[in-house]
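Student: Next up is a structure, given as structure tokens.
The values are calculated or read from the model by the stated rules, or taken from the named source; none is laboratory data. Note that this is a predicted model, so its numbers are computed, not measured. Here the Cβ is made from the backbone with ideal geometry for all residues, glycine too, and neighbour counts use every protein chain on show.
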Amino acid sequence: MAAPKAFNATRGDKVFDVVNIVIMSLVLIVTLYPFLNVLAISLNESADTVKGGITIVPRVFTFENYQQIFQYEGLVRGLWVSILRTVVGTLFGLASASMLAYVLSRPDFQARKFTSIFLVVTMYVSGGMIPIYILFRDLDLLGTFWVYVLPGVVSAFNVIVIRSFMDGLPYALQESAKLDGANDFTIFWRIILPLCKPVLATIALFLAVGQWNSWFDSYLYNGRHPEWTTLQFELMKVLQSTQQGGSGQMINANDMAQKMAQISPESIKMAITIVVTVPILIVYPFLQKYFVSGMTLGAVKS
Amino acid sequence: METLTPGGTSNKSPGAPAAEADVGKRFKKQSFWRTALQQKYLYFMSLPFIIWAFVFSYLPLWGWTMAFQDFKPAKPFLDQKWVGFKHFVELFSDDRFYLALRNTLAMSVMSLVVGFIVPIIFAVLLNELRGMMFKRFVQTVSYLPHFVSWVVVAGIVTKMLSTQGGAINDLLVGLHIINEPIQFMAKGNWFWYIVTASDVWKEMGWNTIIYLAAITGIDQEQYEAARVDGANRYRQMWHITLPGIRTTISVLFIMAIGHLMQIGFEKQFLLGNNLVQEYSQVLELYALQYGLQMNRFSYGTAISIFNSVVSVILLFTVNGIFKRVSKESIM
């Protein structure tokens, strides 16, 4: 732990330190530059951007690009759908994972072994894209909001992470509550859940980021139902439509996207990218200590 | 009763064994149904989600039957025409299938190798940083791309590699390494490298988390002893840090091999275009294009089944080898 400046720091060690700092600085630049570049372009006047040469400072500063994209109706609606799915999906996911985790952490539960195996199997076996698509069609879910939320409600990985956290809590807490006559749900709700806040924060972050970032479900299930497309999908359409006939054109690219693409120069695209990215940038550094411990917990178990 | 607190419970012998055993003995004669009634809240809490998982994870498996039929969406199940392995035969005689298989394997092996080694090097170097503030900052920044969607990453990568003001081309031209900008996104032979590099860029920092946690577990006295013996930093990294995380490395490596075929298709979908299709089409994209978009559901399902079966075989093989080598199982 101690000895940051070692007593016998040789010249070789010093050279190593310098080289290491240089390498790490390069990593920083390679990671951050693209984001700063995108930000600068998004704040630069569209007509001027075409001339190129913008690095991390806008040349002709303007907020006009942002004003323009918020006039695009599809984007604003997509933003609401994305927020809704993030909130609803996270709540459902948290409820399911925490309850299943609690039930599995109870050594006396009869169906524990069955439940556990039943869940683990879902981690390894998947029906695949087409059967799931057909199932959704049969259940009449295509073109609805629920395609975003329902499939992801039960996640075995999240259950495992929360459960291994619960296993570390002293069982005596539950025992005494039980003697006081509390039922199993009350114990879960009043005693266990409040203690699980750190791990719940981790899982909530994973769920929320997953919901916010996913675009393929929107493309696949709701591509022809513009009332429920998400922000990521809208961004995808705009970005792909001018990329040398990107693979997004395989589908009947929405008329809206076509129109948007024709009038969306570099700066507009970058402004949308920033709008999509910023919510995550704001949230994640504050939750860093939680997700680091959550990842470690999950890795130890699985 | 005072010794109830199960500090380090393992999953095999769960918490509070003493108390539970007592209770168990007392109610030994109690019938299954009475216990079930007593545990009704536990059932209420789990049953809905079990049904849920059944519908959305198990029921689609039934859809695998489609691969053995000439599936017509409008018809009920009993009216479908069964055709045996027709679609598989067709699949295995399709050149595009082998192309997709080649691309899947190439990109998964590339990102397995590079995406595996880079985070280890990064974690070890990060651990050697002296300034805590700087270390924290580098770590936080390096996690950033993991949280950004592939849509955004693909947009950024395209921007960086573009011939008009893309940073990479500007840099290469500026350093006189090349004379004129390279059309990275339009050249098929660049595609695999672009995908691998984007993957490393996005996930490198995130994948260090577990290694860094393992490194914290290494006994610090080893380093001091090594320093007393005159070992320099390279030797400390090579002889203490790396061996210290050896188990972590091997477990993660085996898990990665098990998931070799499941590279997904997001990157290929978003970064690819018609010009590079020969290199970008992976099995799942192939299933999407020829299965869903052309309404050839049976054919597409056959592709998915092939992919799943190979994955499961890989997983079991790898797990079997691992079991034999280390007497441990990862599944």
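Student: Just a yes or no: is a residue in the stretch B:121-139 surrounded by 16 or more Cβ atoms within 10 Å (Cβ to Cβ), under 25 Å from A:N213 (Cα atoms) and within 7 Å of chain A (Cβ to nearest Cβ)?
Tutor: There is at least one residue in the stretch B:121-139 that is surrounded by 16 or more Cβ atoms within 10 Å (Cβ to Cβ), under 25 Å from A:N213 (Cα atoms) and within 7 Å of chain A (Cβ to nearest Cβ).
Student: Follow-up question, since we're still on this one. Please pick out the residue among B:N179, B:N189 that is more than 9 Å from chain A (Cβ to nearest Cβ), over 19 Å from the mean Cα position of the chain (by Cα), part of a loop (DSSP other than H, G, I, E, B) and polar (S, T, N, Q).
Tutor: Numbers: B:N189 fails: part of a loop (DSSP other than H, G, I, E, B).
B:N179 is the lone residue from the list that is more than 9 Å from chain A (Cβ to nearest Cβ), over 19 Å from the mean Cα position of the chain (by Cα), part of a loop (DSSP other than H, G, I, E, B) and polar (S, T, N, Q).
Student: To continue, here is another question. Is the stretch B:138-153 home to any residue that is over 19 Å from the mean Cα position of the chain (by Cα) and of a type in the set (F, W, Y)? Please lay out each step first, then the result.
Tutor: Initial filter on the stretch B:138-153 (over 19 Å from the mean Cα position of the chain (by Cα)): B:138-141, B:152.
Filter once more, so that each one left must be of a type in the set (F, W, Y): none.
No, the stretch B:138-153 contains no residue that is over 19 Å from the mean Cα position of the chain (by Cα) and of a type in the set (F, W, Y).
Student: Name the residues in the stretch A:100-126 that are at the interface with chain B (Cβ under 7 Å from one of its Cβ atoms) and among the charged types (D, E, K, R), would you?
Tutor: Scanning the stretch A:100-126 gives A:R106, A:D108.
Student: From B:E284, B:E278, B:E224, B:E266, which residue is more than 30 Å from B:F122 (Cβ to Cβ) and among the acidic types (D, E)? Before you say what the answer is, go through the steps one by one.
Tutor: Working: B:E284 fails: more than 30 Å from B:F122 (Cβ to Cβ); B:E224 fails: more than 30 Å from B:F122 (Cβ to Cβ); B:E266 fails: more than 30 Å from B:F122 (Cβ to Cβ).
Of B:E284, B:E278, B:E224, B:E266, the one residue that is more than 30 Å from B:F122 (Cβ to Cβ) and among the acidic types (D, E) is B:E278.
Student: Looking only at the stretch B:296-306, how many residues end up being surrounded by fewer than 21 Cβ atoms within 10 Å (Cβ to Cβ) and aromatic (F, W, Y)? Full working, then the answer.
Tutor: Start the filter on the stretch B:296-306 by keeping residues that are surrounded by fewer than 21 Cβ atoms within 10 Å (Cβ to Cβ), which leaves B:296, B:306.
Still in the running and aromatic (F, W, Y): B:306.
Within the stretch B:296-306, residues that are surrounded by fewer than 21 Cβ atoms within 10 Å (Cβ to Cβ) and aromatic (F, W, Y) number 1.
Student: Among what's in the stretch B:242-295 and is charged (D, E, K, R) and surrounded by 20 or more Cβ atoms within 10 Å (Cβ to Cβ), pick the residue that is farthest from B:K81 (Cα to Cα).
Tutor: Within the stretch B:242-295, the first condition is being charged (D, E, K, R), and the residues that meet it are B:246, B:266-267, B:278, B:284.
Then drop every residue that is not surrounded by 20 or more Cβ atoms within 10 Å (Cβ to Cβ), which leaves B:267, B:284.
On the way: B:K267: 36, B:E284: 25 Å.
The selected residue is B:K267.
Student: Could I ask something else about it? Quick one: which residue in A:M24, A:M1 is at pLDDT 90 or above and closer than 30 Å to B:M132 by Cβ? Step through it out loud before you land on a result.
Tutor: On the way: A:M1 fails: at pLDDT 90 or above.
A:M24 is the lone residue from the list that is at pLDDT 90 or above and closer than 30 Å to B:M132 by Cβ.
Student: Same structure, new question: Exactly one condition in (1) over 22 Å from A:E234 (Cα atoms); (2) outside any helix (DSSP H, G or I); (3) not hydroxyl-bearing (S, T, Y) is not met by A:F92; state its number.
Tutor: If we test A:F92 against (1) over 22 Å from A:E234 (Cα atoms); (2) outside any helix (DSSP H, G or I); (3) not hydroxyl-bearing (S, T, Y), just (2) comes out false.
Student: Here's a follow-up. Out of all the residues in the stretch A:154-186, which are surrounded by 20 or more Cβ atoms within 10 Å (Cβ to Cβ) and outside any helix (DSSP H, G or I)?
Tutor: A:V154, A:S155, A:Y171
Student: Quick test for you: out of A:I56, A:I134, pick the one residue that is over 27 Å from A:A204 (Cα atoms), more than 8 Å from every other protein chain (Cβ to nearest Cβ) and at pLDDT 85 or above. Walk me through how you get there before you give the answer.
Tutor: Values: A:I134 fails: more than 8 Å from every other protein chain (Cβ to nearest Cβ).
It is A:I56.
Student: Moving on to the next point. Can you spot a residue in the stretch B:88-107 that is in contact (Cβ under 8 Å) with a residue 24 or more places away in the chain and either within 9 Å of chain A (Cβ to nearest Cβ) or in contact with a strand residue (DSSP E or B) (Cβ under 6 Å, 6 or more places away or on another chain) (or both)?
Tutor: Checked the stretch B:88-107: no residue is in contact (Cβ under 8 Å) with a residue 24 or more places away in the chain and either within 9 Å of chain A (Cβ to nearest Cβ) or in contact with a strand residue (DSSP E or B) (Cβ under 6 Å, 6 or more places away or on another chain) (or both).
Student: When the residues of the stretch B:49-100 are narrowed to those that are of a type in the set (D, E) and modelled with pLDDT of 85 or more, which ends up farthest from B:S304 (Cα to Cα)? Walk me through how you get there before you give the answer.
Tutor: Initially, the stretch B:49-100 is screened for residues of a type in the set (D, E), giving B:70, B:79, B:90, B:94-95.
Add one more test, that the residue is modelled with pLDDT of 85 or more, and what stays is B:90, B:94-95.
On the way: B:E90: 14, B:D94: 15, B:D95: 17 Å.
That would be B:D95.
Student: Taking helices (runs of 4 or more DSSP H) that fall entirely within the stretch B:228-331, which contain at least 1 residues that are under 20 Å from the mean Cα position of the chain (by Cα) and within 9 Å of chain A (Cβ to nearest Cβ)? Show your work before the answer.
Tutor: Details: elements: B:233-236, B:246-258, B:266-271, B:277-280, B:283-287, B:297-326.
It comes to B:246-258, B:266-271, B:277-280, B:283-287, B:297-326.
Student: Still on this structure: Using beta carbons and a limit of 8 Å, which pairs, at least six apart or on different chains, have the first residue in the stretch A:187-216 and assigned to a helix (DSSP H, G or I) and the second one of a type in the set (D, E)?
Tutor: Filtered contacts from the stretch A:187-216: A:F216/B:E266.
Student: While we're on this one: Given the condition at pLDDT 90 or above and not in a helix (DSSP H, G or I), answer yes or no: does some residue in the stretch B:148-167 qualify?
Tutor: Taking every residue of the stretch B:148-167 in turn, at least one turns out to be at pLDDT 90 or above and not in a helix (DSSP H, G or I).
Student: Quick one: would you say B:R34 is of a type in the set (K, R) and within 12 Å of another protein chain (Cβ to nearest Cβ)? Walk me through it before giving the result.
Tutor: Values: of a type in the set (K, R): yes; within 12 Å of another protein chain (Cβ to nearest Cβ): yes.
Yes: the conditions hold for B:R34.
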